[in-house]
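> My questions will all concern the structure given below.
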Amino acid sequence: MTVNPLVRLGEQGQSPWLDYITRDLLQTGELQRLIAQDGLRGMTTNPTIFEKAVAGSDRYDADIRSLADSGLKPAEIFETLAVADVRSACDMFLPLYRSANGGDGFVSIEVSPELANDTEGTVREARRLWEAVDRPNVMIKIPGTREGLPAITRCLARGLNVNVTLLFSVERYREVMEAFFTGLEQRKARREPINHVASVASFFVSRVDTKLDPVIEKHDDAGVRALRGKVAIANAVVAYDAFLETFRGPRWDALAKDGAPVQRPLWASTSTKDPAYPDVHYVEPLIAAHTVNTLPPDTFKAYGHHGKPQPRITPQAIAEAKTHLATLAGSGISLEETTRWLEEDGVTKFKASFTTLLNGVGQKAMALTGAH
């Protein structure tokens, strides 16, 4: 019998996570099946996913009605629902979390996108969500914005698991790794354990090509035009090279000897947006040890069907990625400006999703309670 490619991915050091959560998944036994049979090793959520889950299902209706009747506002109703779903998912992943010795089996929940540029607010909300979910395998998602960096350090120093999200540039990713090191070093200095403080750094992939491809294909140099569909992967490969460089040497050794797990790069935004590319275009080239790939359901299914897992981020792949980025830099197209725009746009989009989500919850609450 051939082994599921998703299971083989896990065996090669890359954890497949699902970028999706719904109550259907939790209540029908499907999530347990994915863990047991498809090698699923974790889960991520965001406001867009929750908005689709609540709007597209009646499984939340009884809870929404009851919470609205007790006087909760839409934001409080949403948080109660989200915490309940994340807690249930954490419980289903708990055996994996334990068998992996705290190395996998995580479920992420996001601080409000409204706080992306508010350090103090992010720290407060992260701690509140951590206590609300109250599971060792929850991860709190914090955007890797300039204001998010000190919040990441402070949360890790307090022993919270952190999923740093919305990373687009290698430069910002290096700052995130620095925030991780500092947080663990502060914790270690207080003689507090660091062996179960887990973190991933979510580096977004496909959106880079979505933004740059239209510019690249109009370029008058054929060498530059050949970069279409390649820059996002090259950017992620160079980020992985930065990871390899950072997690070695005396500074890392001092943390590793006390059991600190590495902060794994997590490839996010890995669904294929352009129909000209294969459906696993942003999965296959980014297979490497100590990484995570969080896949939306269609991409997860596609990889389980016809993925070809083998380590892909080799020294040759890193050299080629650097050549691609050097060609792009020489073309006058700025990757730095693009990634800065994508970070700002990412925050804006998540805020808009959050607003849509709260409006949807509010409208459902009114319809279910007959309030006007």
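> Amide H of LEU295: which non-local residues (sequence gap of 5 or more, or other chain) have their own amide H closer than 5 Å, using H built in the peptide plane?
Answer set, sorted by chain and number: TRP17, LEU18, ASP19.
> Another one. Would you rank THR327, THR210 by solvent-accessible area, highest first, keeping every protein chain in place and using a 1.4 Å probe?
The residues order as THR210, THR327, largest area first.
> Per residue of the range 133-139, what does 6.51 cos²θ - 1.76 cosθ + 1.60 with θ = phi - 60° give for ³J(HN,Hα)? Whole Hz please, x for Gly and Pro, Karplus curve as stated.
Couplings: 6, 6, 9, x, 10, 8, 10 Hz.
> For every other residue with a beta carbon closer than 13 angstrom to the beta carbon of ALA68, add +1 if it is Lys or Arg and -1 if Asp or Glu, then tell me the sum.
Values: positive: ARG65, LYS73, LYS364; negative: ASP61, ASP63, ASP69, GLU76.
Here the charged neighbours net out to -1.
> Students often forget the sequence filter, so: which aspartates and glutamates lie under 16 Å Cα-Cα from LYS52 once same-chain residues fewer than 8 apart are removed?
ASP19, ASP24, ASP61, GLU79, ASP85, GLU110, ASP298
> Only four residue types carry charge here, +1 at the Cβ of Lys and Arg and -1 at the Cβ of Asp and Glu. Report the dipole size of the chain about the Cα centre in Debye, rounded to the nearest 20.
The dipole of the chain has a size of about 700 debye.
> So what is the relative contact order of the chain, in percent, for Cα pairs below 8 Å that sit 6 or more residues apart? Before the final figure, lay out the partial values.
Working: 634 pairs, mean separation 81.5, N = 372.
RCO, the chain: 22 percent.
> Okay, moving on. Near LYS211, which lysines are there with a Cα under 19 Å away, not counting those fewer than 8 places off in the same chain?
LYS230, LYS273, LYS349
> A further question follows. For a quick check: with amide H placed at 1.01 Å from N, whose amide H comes under 5 Å from GLU110's, ignoring anything fewer than 5 positions away on the same chain?
LYS141
> Let me ask you something else. I'd like the distance between the alpha-carbon centres of the range 186-221 and the range 9-31, rounded to an integer number of Å.
Here the answer is 21 Å between Cα centres.
> Could you give the distance between the Cα centres of the range 114-165 and the range 251-298, to the whole Å?
The range 114-165 and the range 251-298 have Cα centres spaced 20 Å from each other.
> Which aspartates and glutamates, if any, have their Cα less than 19 Å from the Cα of LYS188, not counting same-chain residues under 8 positions apart?
GLU178, ASP253, ASP258
> Something else: Computing the accessible area with a 1.4 Å probe over protein heavy atoms, can you report the carbon and sulfur percentage for the chain?
52
> Report, to the nearest 10°, how far helix 170-189 tilts away from the longest principal axis of the Cα atoms in the chain, using its own Cα long axis and a range of 0 to 90°.
Taking Cα atoms only, the helix is inclined about 60 degrees.
> Follow-up. May I ask for the net charge around ARG8, where only other residues with Cβ less than 12 Å from the Cβ of ARG8 are counted and Lys, Arg are +1 while Asp, Glu are -1?
-1
> Can you give the FRET efficiency for LYS301 and SER66, using 1/(1 + (r/R0)^6), R0 = 30 Å, r = Cβ-Cβ distance, to the nearest 0.05?
Efficiency for this residue pair is about 0.30.
> So what is the calculated 222 nm ellipticity per residue for the chain, using -39500 (n - 2.57) for each DSSP H run with n of 4 or more, over all residues, to the nearest 500 deg cm²/dmol? Numbers along the way, then the final one.
On the way: 16 runs with 208 residues, N = 372.
Estimated from H runs of four or more residues: -17500 deg cm²/dmol.
> Points 7 angstrom from Cα along the Cβ direction at GLU114 and ALA326: gap in nanometres?
In this crude spin-label approximation the distance works out to 4.9 nm.
> Which ³J(HN,Hα) values in Hz, rounded to whole numbers, follow from the phi angles of the range 248-259 under the Karplus curve 6.51 cos²θ - 1.76 cosθ + 1.60, where θ = phi - 60° and Gly and Pro get x?
With coefficients 6.51, -1.76 and 1.60, one gets 7, x, x, 5, 5, 4, 5, 7, 4, 5, 9, x Hz.
> Using a Förster distance of 51 angstrom, determine the FRET efficiency expected from the C-beta separation of LYS257 and THR356, and round it to 0.05.
It comes to 0.60.
> Okay, moving on. How much length, in nm to one decimal, is gained on full extension between ASP345 and VAL7, taken as 0.36 nm per residue of separation minus their Cα-Cα distance?
Using 0.36 nm per residue and subtracting the Cα-Cα distance, I get 118.2 nm.
> Hey, another quick one. Residues of the range 126-226: accessible area per residue at 1.4 Å, in Å²?
39
> Also: FRET efficiency for LEU94 and ASP220, Cβ-Cβ distance as r, R0 = 56 Å, nearest 0.05?
After rounding, the FRET efficiency stands at 0.50.
The values are calculated or read from the model by the stated rules, or taken from the named source; none is laboratory data. Since the model is a prediction, treat every value here as computed from it, not as a measurement. Because the Cβ atoms are built from the backbone with ideal geometry, glycine has one as well, and the counts that use them run over all protein chains shown. Surface areas here come from the heavy atoms of the whole protein model, side chains and all, with no ligands, DNA or RNA. Shrake-Rupley method; radii C 1.70, N 1.55, O 1.52, S 1.80 Å.
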